[in-house]
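Okay, structure first, notes after.
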Amino acid sequence: MSGEMDLDTLIGSMEPVLYPEHYVFATTTDTEIVTRAKAKMVFEEAEGTTLIVLKEEAERLGLEGEFLCQMITLNIHSSLEAVGFMARIATHLSKLDMGVNPVAGFYHDHLFIQVEKVPAAMGGLRELIASV
């Protein structure tokens with residue numbers, strides 16, 4: 001398995017990168033919309049397909065988006081088998097009164113954080129890095 005597995009190395013070496021775009025979470029059962037969507041993430045659930053899309057893309061598709069957020073990429077190649085990485089981050093950020101909506105990619109983990117809480121999240125991530 002590729003990627004880092006050591007928790008302290010993951011936390012201490014991650015480089016959070018904030019992207020300026022605003023995303024929303026939306027859901028649909030319309031497969032045509034899913035096919036046309038320029039989504040950052042697509043996940044099929046029993047109730048419908050969840051999309052993470054740019055706010056403007058949701059509007060273009062006629063989707064009602066929720067949870068206006070920005071994406072923070074944790075630039076370290078984390079193993080998909082790493083234990084406790086996201087739990088430690090979510091626990092730390094929960095102390096700052098924020099939810100974390102994580103998405104694991106093959107190479108990196110990504111956090112979707114409410115726009116108004118992004119500055120506190122970036123500060124909290126820097127605190128966590130410094131604590132290792």
Flagged in region 91-104 as at pLDDT 95 or above, closer than 24 Å to V53 by Cα and outside any strand (DSSP E or B), in numbering order, are L93
Could you tell me which residue of region 71-90 is nearest to K40 (Cα to Cα), considering only residues that are polar (S, T, N, Q) and in a strand (DSSP E or B)?
T73
Mind checking whether some residue in region 56-67 is under 20 Å from L125 (Cβ atoms) and either modelled with pLDDT of 95 or more or surrounded by 18 or more Cβ atoms within 10 Å (Cβ to Cβ) (or both)?
yes
Test V83 against the criterion of being exposed (fewer than 14 other Cβ atoms within 10 Å of the Cβ), in contact (Cβ under 8 Å) with a residue 60 or more places away in the chain and either out of contact with any Pro (no Cβ under 6 Å at 6 or more places or on another chain) or under 17 Å from F25 (Cα atoms) (or both), and give yes or no.
yes
Matching residues in region 105-131 (farther than 18 Å from L54 by Cα, modelled with pLDDT of 95 or more and either hydrophobic (A, V, I, L, M, F, W, C) or touching a Phe, Trp or Tyr at 6+ places or on another chain (Cβ under 9 Å) (or both)) number 8
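Yes/no matrix, rows are residues, columns are (1) within 25 Å of E116 (Cβ to Cβ); (2) in contact with a Pro (Cβ under 9 Å, 6 or more places away or on another chain); (3) in contact (Cβ under 8 Å) with a residue 24 or more places away in the chain; (4) not small (G, A, S):
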site: M5; (1), (2), (3), (4): no, no, yes, yes
site: S13; (1), (2), (3), (4): no, no, yes, no
site: V17; (1), (2), (3), (4): yes, no, yes, yes
site: A26; (1), (2), (3), (4): yes, no, yes, no
site: T35; (1), (2), (3), (4): no, no, no, yes
site: L61; (1), (2), (3), (4): yes, no, yes, yes
Can you run down the residue pairs with Cβ atoms below 8 Å, 6 or more apart or on separate chains, where the first is in region 42-58 and on the phi > 0 side of the Ramachandran plot and the partner is part of a strand (DSSP E or B) and polar (S, T, N, Q)?
G48/T27; G48/T28
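The values are calculated or read from the model by the stated rules, or taken from the named source; none is laboratory data. Model, not experiment: these values are computed from the prediction. Glycine gets a Cβ as well: all are built from the backbone with ideal geometry, and neighbour counts include every protein chain shown.
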